[in-house]
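Please treat every number below as a calculation from the coordinates, not as lab data. As the structure is a prediction and not an experimental result, all values here were calculated from the model. No Cβ is skipped: glycine too gets one built from the backbone with ideal geometry, and neighbour counts run over all protein chains shown.
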Amino acid sequence: MIKISDKVVTAILSAISAIAVGYVPVWVARINANRPPTKNDEIRQLKEENARLKEENEKLKRGE
């Protein structure tokens, strides 16, 4: 049987964890990209668009 020191095991686990931290958000983003927007997502998007349009409207009123 191969003897592996605790430091080597810790280093291997740390490397695996670092890789997982890098890839998991990408996987989640890919999964979420395929799902339709929820009601709350649509509400948030509409509020953002409304705020942007209000700013644009104010600029036009001021003549900018």
Test Lys47 against the criterion of being surrounded by 10 or more Cβ atoms within 10 Å (Cβ to Cβ) and either in a helix (DSSP H, G or I) or among the charged types (D, E, K, R) (or both), and give yes or no. yes
Tell me which residues, restricted to the range 1-21, are in a helix (DSSP H, G or I) and among the β-branched types (Val, Ile, Thr). Val8, Val9, Thr10, Ile12, Ile16, Ile19, Val21
Condition (residue is surrounded by 10 or more Cβ atoms within 10 Å (Cβ to Cβ) and not β-branched (Val, Ile, Thr)) applied to the range 2-10: is it met by at least one residue? no
